[in-house]
Ligand SMILES: Nc1ncnc2c1ncn2[C@@H]1O[C@H](COP(=O)(O)OP(=O)(O)O)[C@@H](O)[C@H]1O
Ligand SMILES: [Mg+2]
C-alpha cells in the first residue's frame, strides 16, 4: 500500500459478527506498518456515561487500537444510550443523524491520519434516519468496503445479499473476512470454500475464534 491517504468502510453480514474485532485488528495492522491510523465509529447505539460523556465499547476498542489521538467527537459523532436500531435511538433522543456531519468528522480524521478505518453499525442497510442507511454513508464517504462474514449457519445467504448491496451502491468491495464465530459449525470448511467461490473479492483474512487476525495484502 502506497504511503498516502487511505480509508475503509467495515461492514458485516449482521450485528455481532465481529466488525469491531476485525476493524480494531485492521487498525493495529496498519499501525504495525507505521501508518498513522485511526478508527471511526460514526454511529453507535448502546453506551454508558463515563466522565459525563456517553461512551460506547466499540469506540473504546477502536480508540485503543489506533495511534492518532483524535477527538472522541470526531471518532464517534453520534452516540446513543440504548442498544437499539440507530434511527430509533436518534428519534428517541430528538436527533436526526446527518451524513454531512459525519462526512465533516471523517474529513477531519483523514486529515490527521494516513488510514481511517470506519466501522458501520449493524449490517449494510441498517437505517440511520427515515431516508438513509449505512450504505448511503459508505457512498457519501466513497469508501472501499471490507465485509466481515460471521461464519455461522445462514451466513452464505447474508454474505451474498450484502455483496449484492455493496455492488448495487457502486462501491468497491476490496475484500472480505471469514470470521469463525461458531467454531463448532458443521461443515465449516465447505461453507468457507463456497463463500470463496461465490464472492468475487479476495478473502483477506480467515480468523479462528480467539485468534489474532492476519491480513493478506490488499
Ligand atoms: N474471531 C473472534 N474470536 C474471539 N472473539 C470474537 C471473534 N470475533 C468476534 N468476537 C467477539 O464476539 C463479540 C461480537 O463481536 P463484535 O466485533 O463486537 O461484533 P460487531 O462489531 O459486528 O457487532 C465480541 O465480544 C467480540 O470480541
Ligand atoms: Mg461493533
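Seen through its C-alpha gyration tensor, with square-root eigenvalues sorted a ≥ b ≥ c, the stretch 77-168 comes out oblate because a/c lies at 1.5 or above while a/b is not bigger than b/c.
With viscosity set to 1.567 mPa s and temperature to 4 °C, compute the Stokes-Einstein D of the stretch 2-83, Rh being the Kirkwood radius across alpha carbon pairs; µm²/s, no decimals.
On the way: Rh = 13.3 Å.
The diffusion coefficient I find is 97 µm²/s.
With only the Cα atoms considered, the chain has a convex hull volume of 118 Å³ per residue.
If both residues of a DSSP beta bridge must be in the stretch 28-124, then about 30% of such bridges are antiparallel. The ranking of 153, 173 by Cβ neighbour count inside 10 Å, starting from the fewest, reads 153, 173. Relative contact order, whole percent, for the stretch 63-132 stands at 39, derived from Cα pairs under 8 Å and 6 or more residues apart. Note on the stretch 23-40 and the stretch 115-161: Cα centroid distance 20 Å, given to the nearest whole angstrom.
Sort 68, 10, 174 so the one with the fewest other Cβ atoms within 10 Å of its own Cβ comes first.
174, 68, 10
Both radii are taken from the alpha-carbon atoms of the stretch 114-180; with Rh as the Kirkwood radius, Rg/Rh is 0.96. Shown for 203, 155: other C-beta atoms within 10 Å of each C-beta, ranked fewest to most, produce the order 203, 155. Counted residue by residue at 0.36 nm each, then reduced by the alpha carbon distance between them, the extension gain from residue 84 to residue 51 reaches 9.6 nm.
Entry note, the chain: relative contact order of 25 percent, from Cα contacts under 8 Å with a spacing of 6+ residues. When the inverse distances between all different Cα atoms of the stretch 128-218 are averaged and flipped, the Kirkwood radius reads 14.0 angstrom.
Rounded to the nearest 5, the antiparallel percentage of DSSP beta bridges internal to the stretch 6-207 is 15%.
The label-point distance for residue 200 and residue 125, in a model that sets each label 7 Å from Cα toward Cβ, rounds to 2.0 nm.
Any read-out appearing in this document is the output of simple, stated calculations on the displayed coordinates, not a laboratory observation. Bear in mind the structure is a predicted one, so any value in this text is a computation, not a measurement. All Cβ positions, glycine included, derive from the backbone under ideal geometry; neighbour counts span all protein chains shown.
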